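Rule-based calculations on the coordinates, nothing more; no lab input. Not measured: the values here are computed from a predicted model. Cβ atoms come from the backbone with ideal geometry, glycine included; neighbour counts cover every protein chain shown.
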């Protein structure tokens, strides 16, 4: 049982996961942000691996990625920063990014570094499910790593069930068919979609992402899932003032 599975076995509701881009606002802020999120009682952390051509990121996250790349952040630098992270926190940590940088870095090297740093899982929105089954699943299962798949309003019930069967961790429920950072008020159609997923009685827990920005939207999302992911608004908050202070102020506004 890795840290993600342990979290969901011990806590069933109101799980708060925070996403931020590694190397933003400054290249050496990654560990400090993780440490402060730990102090604030966040349940799970998603660290974005910056990429120049994302498919699902809105303007805020795209800008943070561009800035991080300009700062010199890449996968090699990130793993150096995370090498001793388990001396600081036992919160589940997930890396989120795109397949092209991983291909260049080397899949085997990437997985070895995940294990060495104590990372619990990965989210790769542009990795086809069949490619995961062929190239990654055996290694992930062998090393107790979670592969987190995304589902959207356009994902069929049949495909959601297939994803559920091969997943180990949670299902990332994208709240709408749009990029990150859009409106934070759920429509009737979105609520119907959340209920439809719950009716499938999935094996894995669910976390809702995209459009969660404040305490109200977090609480509403938690009514339909085990928790929610906040990224865009958190990134905006840490770009405006002193790092530790801004992290603490934002998390306290959600909790």
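Miscellaneous remarks
- Residue 26-residue 138 FRET efficiency (beta carbon distance; Förster radius 41 Å; 0.05 resolution): 0.60
- Residue of 89, 155, 206 that the Gaussian network model of the chain assigns the largest fluctuation, springs spanning Cα pairs under 10 Å: 155
- Inter-part distance, the range 201-216 to the range 227-255, computed on C-alpha centroids, equals 18 Å.
- Between residue 239 and residue 157, residue separation times 0.36 nm minus the direct Cα-Cα distance comes to 25.6 nm.
- Extension gain, residue 255 to residue 83, is 59.0 nm, computed as 0.36 nm per intervening residue step minus the present C-alpha separation.
- Coordinate range along principal axes, alpha carbons of the range 130-255, Å, largest first: 45, 37, 22
- Counted residue by residue at 0.36 nm each, then reduced by the alpha carbon distance between them, the extension gain from residue 214 to residue 107 reaches 34.9 nm.
- Three-way shape label, the range 37-182, alpha-carbon gyration tensor, a/c 1.5: rounded
- The structure shown yields mean projected area of the Cα convex hull in nm², and of the options [x] 12.8; [y] 14.9; [z] 12.0 that calculated value carries the label [z].
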